[in-house]
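Enquirer: Quick one: this structure, given as structure tokens, is what I'll be asking you about.
The values are calculated or read from the model by the stated rules, or taken from the named source; none is laboratory data. Computed from a prediction, not measured in an experiment: that's the story for all the values here. Note: ideal-geometry Cβ built from the backbone for every residue, glycine included; neighbour counts use all protein chains shown. For the accessible areas, the whole protein counts, side chains as well, though only heavy atoms, and no ligand, DNA or RNA atoms are used. Shrake-Rupley method; radii C 1.70, N 1.55, O 1.52, S 1.80 Å.
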Amino acid sequence: MVDRSFADPALAALYDTLNPWGPGDDFYLGLVSAAGAVLDVGCGTGRLLRRARAGGHRGRLVGLDPAAAMLVEARRHGTDVEWVLGDLRTRDWRAEFDLVVMTGHAFQVLARDEELRTSLLAVHRALRPGGRFVFETRNPAARAWETWTPERARTVTGADGAAVRVWHDVEGPVVGDLVTFTETYACDTWPAPAVSRTTLRFLAPDALSVFLAEAGLTVADQYGDWARTPVTAAAPEIITVARRAS
């Protein structure tokens, strides 16, 4: 089931405002721009592929997302990219891409072993020999979820000019590598707040390597931040570059 924050058109329209372009986007844009055929899994509003196309990319660009509302936003702004509704369990490509990416911590929604293994095998099949799979997951050692509290609410302006307040609340205590939280959107012009519930998986580097190896993918590099520094206990990210064997 797609989270409400992505499935609800009113909330999907707020995504880019809540998540402005940043260093992570620049990191992925460089990779996409240098690759021939690219699959963006969990592409959301499609801004990465749209920016690549606008910057001169002439190869094949495919954006895959299970949320129709997000793809509505993508198609509204970019018609020269293949926008595909679905996920890695419902779509199948065979050695068609030089690069597969999962941005915006989308990898963490693969919460169960079965869906993670199925998705990674699908990535392996989609990649050409020597192709790369690049994604990021929050470093569990940094315990980012401890900052996801109502006191850290943000206010953004919607398309109609109304102020929308957004906050998170973790369902605790956190046990194991799964973190469940709610994301609440409130606006004075709405009849009631909109609440989205999400579960994310926080895997450590060793566990990530095991799952990737099972799918025939080898870790080539791992970084702790977008400046490509090493992964440490204090690093906010685990940015993984994995490769399919030639």
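Enquirer: Relative contact order (percent) for region 75-169, with alpha-carbon contacts under 8 angstrom and 6 or more residues of separation?
Expert: Answer for region 75-169 is 26 percent.
Enquirer: Given Ala242, Ala13, Trp148, which one lies farthest toward the positive end of the charge dipole of the chain, if we put +1 on the Cβ of every Lys and Arg and -1 on the Cβ of every Asp and Glu?
Expert: Looking along the dipole axis, the top candidate is Ala242.
Enquirer: Hey, another quick one. How many Å² of accessible area per residue for the chain, probe 1.4 Å?
Expert: Roughly 47 Å² per residue, with all protein chains present.
Enquirer: Taking the Cα centre of the chain as the origin, how large is its charge dipole in debye, to the nearest 20, when only Lys and Arg (+1) and Asp and Glu (-1) carry charge on their Cβ atoms?
Expert: 700 debye
Enquirer: Decide, for region 1-142, between rounded, prolate and oblate: order the square roots of the alpha carbon gyration tensor eigenvalues as a ≥ b ≥ c, take rounded if a/c falls under 1.5, and otherwise choose prolate if a/b is larger than b/c, else oblate.
Expert: rounded
Enquirer: Which percent of the accessible area of region 58-178 is formed by carbon and sulfur heavy atoms (probe 1.4 angstrom)?
Expert: So the carbon and sulfur contribution to the accessible surface is 48 percent.
Enquirer: Only helical DSSP H runs with n ≥ 4 go in: add -39500 (n - 2.57) per run for the chain, normalise by residue count and round the 222 nm mean residue ellipticity to 500 deg cm²/dmol.
Expert: -7500 deg cm²/dmol
Enquirer: In region 120-159, what trypsin sites (Lys or Arg not before Pro) fall in a loop by DSSP, with at most 14 other Cβ atoms inside 10 Å?
Expert: Passing sites in region 120-159 are Arg143.
Enquirer: Using alpha-carbon pairs under 8 Å, 6+ residues apart, how would you state the relative contact order of region 14-136 in percent?
Expert: Here the relative contact order equals 26 percent.
Enquirer: On to the next question. About the Cα centre, and with charges only on the beta carbon of Lys, Arg (+1) and Asp, Glu (-1), how big is the dipole of region 105-223? Nearest 20 debye, please.
Expert: Around 300 debye, computed over region 105-223.
Enquirer: Is there a quick way to get the dipole size of region 168-246? I mean about its Cα centre, with the Cβ of Lys and Arg at +1 and of Asp and Glu at -1; what is the value in debye to the nearest 20?
Expert: That gives region 168-246 a dipole magnitude of about 340 debye.
Enquirer: Going by Cα centres, region 157-173 and region 25-49 are how many Å apart?
Expert: 27 Å
Enquirer: Separation between the Glu115 and Ala153 pseudo-spin-labels, each 7 Å from Cα along Cα→Cβ, expressed in nm?
Expert: 3.0 nm
Enquirer: Between Val72 and Ala207, what is 0.36 nm times their sequence separation minus the Cα-Cα distance? Round to one decimal in nm.
Expert: Gain on extension, Val72 to Ala207, equals 45.1 nm.
Enquirer: For Ala159, what charge total do you get from the other residues with a beta carbon under 15 Å from its beta carbon, if Lys and Arg give +1 and Asp and Glu give -1?
Expert: -3
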